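All remarks here apply to the structure that follows.
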Amino acid sequence: MLAGILRRSEPDRAPKVLAVLDESLSAAQPQIASQIEAYFGQLNDGLTLVRPPMILEGGERLKNSHFHVSKIQSEIDRYNIDRHGYLMAVGGGALLDVAGLAAATAHRGIRLVRVPSTTLSQADSGVGIKNGINAFGKKNFIGTFAVPFAVINDFALLNSLPARDKRSGYSEAVKVACIRDARFFESIEQEASALRSFEPAAMRRLIYRSAQLHVDHIAGTGDPFELSSARPLDFGHWSAHKLEQLSEYRIRHGEAVAIGIALDAEYSRRAGYLSGGEAERVLVLLETLGFDLYANEICNSDSANELMLLKGLEEFRNHLGGQLTVTLMRAIGQGFEVHEIDEGWVVDAVRELQRRHFERSLGAPRMEERVLPAACA
């Protein structure tokens, strides 16, 4: 499949390929770099891997400077990878973001082939058109919209993932089901136990449908480059992005999104948009899949005793470049947009997630016996 894709657009050419490999994947599957070299070595048809795969660290730290983008671009220059050549990125979402930014800006764009290696990147970010790195304390402040030449989801790459990373991507599937597809939500509910134990067939079904819904949205909304102030597929993300930052990226993106979904579902209930029963279904599903719906950082406060999480709303508005537009739920499978958020209701929703978390924790003291963070007390 890979060779066919690389030959597809210009079968008479012999393009060069530069491969970038996620360090975590390389450590978990030590043979993968040599397998990539051997694969290209046996083709004998002009497709050239210009050097052994570059191995870069994975995870969000990779995105916290421009250094790794420049490092990839220096190899693109060194090996004369032109606009007919390929950058092939094999790894999780952070590596795909960095490699994608390098590909989109070298020669104003060389061909990018993404091979996502995590549940999250296969189900969501890897099939999108965004690339970016963090800057100025903001997630994805520097980036591009660039359509990849191809995306290949190979489920075998998930086999060596730690349980935490297998689970992390589930939240993006729950997200898109909450706002787009009630039947998909029901199917995740039905398979929640199998997904919690990482049953491969159940994971494949979840990833396939989630990726399909994300691609359909990008291709079919008429706004793939987000020229408006709406970003419906970022349900649960205004708080998730801020929570990642507050935790110094200790909390994985998918874990933060699970908390963000829970927060926005609870907010939707408090605002009268979503029934209590449907909000409870969302929270129970996330918990059944194995997610915590609360983290201590959600109650961090600043010197004025203001909830720092709320700064995520203004950052979200600035990132969109216009009117605040947040997606909430009217029913399972039905998202809609609002342009104002009541900060008091956000705090109430945080308190509810906090209460729920501690009551679920084995041996937790009663609420009145604990000293709570000032912003959430």
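Report, by residue number, each residue of segment 269-280 that is part of a helix (DSSP H, G or I) and either within 17 Å of the chain's Cα centre (by Cα) or surrounded by fewer than 17 Cβ atoms within 10 Å (Cβ to Cβ) (or both). Walk me through it before giving the result.
Initial filter on segment 269-280 (part of a helix (DSSP H, G or I)): 269-270, 276-280.
Correct list: Gly276, Gly277, Glu280.
Can you tell me how many residues in segment 1-49 are buried (at least 17 other Cβ atoms within 10 Å of the Cβ) and either more than 26 Å from the chain's Cα centre (by Cα) or aliphatic (A, V, I, L, M) (or both)?
17
Given Arg205, Arg114, Arg209, which one is among the charged types (D, E, K, R) and either assigned by TED's automatic domain parsing to the domain that holds Ser26 or crowded, with 23+ Cβ neighbours inside 10 Å (or both)? Walk me through how you get there before you give the answer.
Details: Arg205 fails: either assigned by TED's automatic domain parsing to the domain that holds Ser26 or crowded, with 23+ Cβ neighbours inside 10 Å (or both); Arg209 fails: either assigned by TED's automatic domain parsing to the domain that holds Ser26 or crowded, with 23+ Cβ neighbours inside 10 Å (or both).
None of the others qualify; the one that does is Arg114.
Answer yes or no: is there a residue in segment 232-240 that is surrounded by fewer than 20 Cβ atoms within 10 Å (Cβ to Cβ) and either modelled with pLDDT under 95 or touching a Cys at 6+ places or on another chain (Cβ under 8 Å) (or both). First the steps, then the outcome.
Initially, segment 232-240 is screened for residues surrounded by fewer than 20 Cβ atoms within 10 Å (Cβ to Cβ), giving 232.
Those still in the list that are either modelled with pLDDT under 95 or touching a Cys at 6+ places or on another chain (Cβ under 8 Å) (or both) too: 232.
The answer is yes, given that some residue of segment 232-240 is surrounded by fewer than 20 Cβ atoms within 10 Å (Cβ to Cβ) and either modelled with pLDDT under 95 or touching a Cys at 6+ places or on another chain (Cβ under 8 Å) (or both).
For segment 305-328, check the following and say yes or no: at least one residue is over 27 Å from Lys130 (Cα atoms) and not aliphatic (A, V, I, L, M).
yes
So for segment 126-147 (the condition being on the phi < 0 side of the Ramachandran plot, in contact with a strand residue (DSSP E or B) (Cβ under 8 Å, 6 or more places away or on another chain) and either part of a helix (DSSP H, G or I) or assigned by TED's automatic domain parsing to the domain that holds Tyr208 (or both)), does at least one residue qualify?
Scanning segment 126-147 turns up at least one residue that is on the phi < 0 side of the Ramachandran plot, in contact with a strand residue (DSSP E or B) (Cβ under 8 Å, 6 or more places away or on another chain) and either part of a helix (DSSP H, G or I) or assigned by TED's automatic domain parsing to the domain that holds Tyr208 (or both).
From the list Ala163, Ala150, which residue is in contact (Cβ under 8 Å) with a residue 24 or more places away in the chain, more than 18 Å from the chain's Cα centre (by Cα) and under 19 Å from Ser121 (Cα atoms)? Lay out the reasoning, then the answer.
Details: Ala163 fails: more than 18 Å from the chain's Cα centre (by Cα).
So the residue among Ala163, Ala150 that is in contact (Cβ under 8 Å) with a residue 24 or more places away in the chain, more than 18 Å from the chain's Cα centre (by Cα) and under 19 Å from Ser121 (Cα atoms) is Ala150.
Does any residue in segment 328-340 that is β-branched (Val, Ile, Thr) come within less than 6 Å, Cβ to Cβ, of a residue that is outside any strand (DSSP E or B) six or more places away or on a different chain, and which pairs are these?
Note: pairs meeting the criteria are Ile332/Ala182; Ile332/Phe185; Ile332/Glu278.
Restricting attention to segment 116-145, report how many residues are among the β-branched types (Val, Ile, Thr) and without any contact (Cβ under 8 Å) to a residue 60 or more places away in the chain.
Taking segment 116-145 as the starting set, the residues that turn out to be among the β-branched types (Val, Ile, Thr) are 118-119, 127, 129, 133, 142, 144.
Pick out the ones that are also without any contact (Cβ under 8 Å) to a residue 60 or more places away in the chain and you get 118, 144.
Total satisfying the criteria: 2.
Can you tell me which residue in segment 148-190 is surrounded by the fewest Cβ atoms within 10 Å (Cβ to Cβ), limited to those that are of a type in the set (Asp, Glu) and within 27 Å of Ala28 (Cα to Cα)? Working first, answer last.
Here is the first cut: in segment 148-190, the ones of a type in the set (Asp, Glu) are 154, 165, 172, 181, 186, 189.
With the extra rule that they be within 27 Å of Ala28 (Cα to Cα), the set shrinks to 154, 165, 172.
Numbers: Asp154: 13, Asp165: 21, Glu172: 32.
Of everything passing the filter in segment 148-190, Asp154 is surrounded by the fewest Cβ atoms within 10 Å (Cβ to Cβ).
Considering each residue of segment 59-84, count those that are surrounded by 22 or more Cβ atoms within 10 Å (Cβ to Cβ) and outside any helix (DSSP H, G or I), and give that number.
1
Kindly indicate which of Glu287, Glu266 is buried (at least 21 other Cβ atoms within 10 Å of the Cβ), over 23 Å from Gly93 (Cβ atoms) and of a type in the set (D, E, K, R). Don't jump to the end; show me each part of the working.
Details: Glu287 fails: buried (at least 21 other Cβ atoms within 10 Å of the Cβ).
Of Glu287, Glu266, the one residue that is buried (at least 21 other Cβ atoms within 10 Å of the Cβ), over 23 Å from Gly93 (Cβ atoms) and of a type in the set (D, E, K, R) is Glu266.
Of all residues in segment 1-35, which are under 17 Å from Asp154 (Cα atoms) and among the hydroxyl-bearing types (Ser, Thr, Tyr)?
Residues satisfying the conditions are Ser24, Ser26.
So in segment 119-148, with the set limited to residues that are aromatic (Phe, Trp, Tyr) and over 12 Å from His319 (Cα atoms), which one is modelled with the highest pLDDT? Explain how you work it out, then say what you get.
The initial filter retains those residues of segment 119-148 that are aromatic (Phe, Trp, Tyr), namely 136, 141, 145.
Going one step further and asking which of them are over 12 Å from His319 (Cα atoms), we end up with 136, 145.
Numbers: Phe136: 88, Phe145: 94.
So, considering only residues that are aromatic (Phe, Trp, Tyr) and over 12 Å from His319 (Cα atoms), the one modelled with the highest pLDDT is Phe145.
Mind telling me which of the residues Leu353, Leu362, Leu328 ends up being hydrophobic (A, V, I, L, M, F, W, C), more than 12 Å from Cys299 (Cβ to Cβ) and either modelled with pLDDT of 95 or more or part of a helix (DSSP H, G or I) (or both)? Spell out the reasoning first.
Numbers: Leu353 fails: more than 12 Å from Cys299 (Cβ to Cβ); Leu362 fails: either modelled with pLDDT of 95 or more or part of a helix (DSSP H, G or I) (or both).
Answer to the check: Leu328.
The values are calculated or read from the model by the stated rules, or taken from the named source; none is laboratory data. Bear in mind the structure is a predicted one, so any value in this text is a computation, not a measurement. All Cβ positions, glycine included, derive from the backbone under ideal geometry; neighbour counts span all protein chains shown.
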